[in-house]
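Read through the structure below, which is laid out as structure tokens, and then see the notes.
A short reminder: the numbers here are calculations on the coordinates, not readings from a lab. Computed from a prediction, not measured in an experiment: that's the story for all the values here. Note that we place each Cβ from the backbone using ideal geometry, even for glycine, and neighbour counts take in every protein chain shown.
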Amino acid sequence: MDQSIKKKYNYWQWRTLIILMIGYMLFYFVRKNFSIVMPALESELGISKTRLGLFLTINGVIYGLSRFINGFLADRVSRKRMMGLGLLLSAIVNIVIGLSPEMNGLFNFLDSEGKATAGLVVFIGSLWLINGYTQGMGYPPCGSLMAHWIKPSELAFKQSIWNSSHSIGAGLVAVLCGTAILQRYGYQSWQWCFFIPAFLAIAGAFLLFFGLKDTPASVGLPDPETLDENAPVKVVSDETPEFADRAYKKLIKPMVIKNPIIWVLAIGNFFVYVLRFTVLDWGATFLTQDRGLSIQTASTVVAASELAGGIVGTLLAGWATDKFFKSKAHRTCLIGLAGATLCFILFWLTPKQMNWVAIICIIMASFFIYMPQALCGIACSNQATKRVAASANGFAGIFGYASTTVSGLAFGLIADKLGWNSVFEVTIAIGIIGVILFATIWKAPANGYAKADALLEELKEEMAAEQQ
């Protein structure tokens, strides 16, 4: 490989990866702040866990639909513009939620005791629904951009590096909102848990708009799969828009919609996300209410789960996938989900007077659950190939975030009616079902590029015949 091309490619690849990490981390600042502030909303505004769970469900379902819709769009439009716009709109929604009590004189949002009226509940719920859609504009561009900038043989590890932005964002916002704001200034300061993350997200949106490039070709570089040390470097493809459009239509059904491996990964994503959101969305609440921890300790545990458990688990999973499983990410998904389920069983069995053991179990559950959380998307990208990677991830995303019908509303109702112990029992059962599902694709190939190449050769022959 020409050294100047290699140097330029490495610069742009890492620049893209780092900017995507910062951008997606800030998406979490204006999404997972809500989970940390839920105890304050219950205490200050009197919003029940059932209603809070409904907010999580609405947000999650709309987010999944948004990822599905924007997944198909991201393969065909400017990815950096989609991602930047989504982050900017999420920031605006958060600012309006923070300002909602100040609108009391106009809309009668608070009763005589300062608690939320039905109007305020509907208002916040509606805004969080909108936030679900704008948040869904974040992941599809990331999956597509990385598939365009990173070689398939390196995608598991390098996308795992990016995936740590989930944990960094969730962990830092837990510290910011739980410790720096709520613990220090009290639950009455909850509005700042929306304002400060929003201001940071606005800055991040401008970084995405001006710092990213959509493809290597846009900066004069060849496609990453051509950059093989043992093969000559190919020139930048002058592929016509007509071929690109027809290639997408040729691949979308066999590589995504009718691909049984994608279906298993997508449905498996549902079970993975139930376990993930049990900790991430309800962790601060059940650790305070079921285990008797302070909000500072509970938010610190959630942060540690994300920063220590999530980051280490994600990076280790990506490295192990490329190193030991020959980029077969679906195998690591199975191992991670099995480990997370076992940790939940141990947490459930731990006596309440041994909270230090329970805390370790929660952190280790995050360590394991972030393996399939990160690698389901990577597996989808490799199985579908880069041309329809965002579509495949959008398809899997709608299943993943449909999980909030369980982890959000259902768990809120169960916690209110039956207690947290029943929530943990359901979580464990869901984990076991997911492990069985992932086991069915253990022997699947690492990627779908051979299948896609054969289909594209057919397309070239069809177009050549049409021109004759």
**Asked** Dividing the convex hull volume of the alpha carbon atoms of region 104-245 by its residue count, what do you get in Å³ per residue?
**Response** 169 Å³
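For the chain, what is the charge dipole size about the Cα centre, in debye to the nearest 20, if Lys and Arg each add +1 at the Cβ and Asp and Glu each add -1 at the Cβ?
440 debye
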**Around T321: net Lys/Arg minus Asp/Glu count, Cβ-Cβ under 15 Å** = +4
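At 222 nm, what helix-only mean residue ellipticity would the chain give, in deg cm²/dmol to the nearest 500, using -39500 (n - 2.57) for each DSSP H run of four or more?
Computed ellipticity for the chain at 222 nm equals -24500 deg cm²/dmol.
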**Request:** Enter the mean projected area of the convex hull around the alpha-carbon atoms of region 23-152, in nm², rounded to one decimal.
**Result:** 8.5 nm²
**Request:** Would you give the gap between the C-alpha center of region 164-228 and the C-alpha center of region 25-45, rounded to a whole Å?
**Result:** 16 Å
**Fill in**
Note to self: C-alpha centroids of region 243-312 and region 380-409 sit apart, in Å, by 10 Å
**Message:** With θ taken as phi - 60° and the coefficients 6.51, -1.76 and 1.60, list the Karplus ³J(HN,Hα) couplings across region 412-421 in order, rounded to whole Hz; mark glycine and proline as x.
**Reply:** x, 5, 4, 5, 5, 8, 10, x, 5, 4
**Prompt:** Mind listing the phi-derived Karplus ³J(HN,Hα) values for region 153-166, rounded to whole Hz, using 6.51, -1.76 and 1.60 with θ = phi - 60°, and x for any glycine or proline?
**Reply:** 6, 10, 5, 4, 6, 6, 6, 5, 4, 4, 4, 5, 4, 4
**Asked** Taking the alpha-carbon set of region 349-468, what are its Rg and Dmax in Å?
**Response** 21.3, 80
**Asked** For region 364-468, which trypsin sites (Lys or Arg not before Pro) are in a loop by DSSP, counting at most 13 other Cβ atoms within 10 Å?
**Response** K443
**Asked** From the residues I436, A402, Y248, which one has its Cα farthest along the dipole of the chain in the positive direction, the dipole being from +1 and -1 charges on Cβ of Lys/Arg and Asp/Glu about the Cα centre?
**Response** I436
**Message:** Which three extents, in angstrom, do the Cα atoms of the chain have along their principal axes, listed largest first?
**Reply:** 79, 49, 39
**Prompt:** In terms of modelled amide H atoms, which long-range or inter-chain residues lie less than 5 Å from the amide H of L110?
**Reply:** T117
**Projected area averaged over orientations for region 304-407, convex hull of C-alpha atoms, nm²** = 7.2 nm²
**Prompt:** Residue by residue, what Karplus-based ³J(HN,Hα) values in Hz, rounded to whole numbers, does region 374-384 have, using 6.51, -1.76 and 1.60 with θ = phi - 60° and x for Gly and Pro?
**Reply:** 6, 7, 4, x, 5, 4, 4, 4, 6, 5, 7
**Request:** Two decimals is fine: what is log10 I(q)/I(0) at q = 0.27 Å⁻¹ for region 80-152, from a Debye sum with one equal scatterer on every Cα and no solvent?
**Result:** -1.11
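Which loop chymotrypsin sites (Phe, Trp or Tyr not before Pro) in region 415-468, with loop taken from DSSP, have no more than 13 other Cβ atoms within 10 angstrom of their Cβ? The partial results should precede the final answer.
Working: sites: W420, F424, F438, W442, Y449; in loops: W442.
Passing both the DSSP loop test and the Cβ count: W442.
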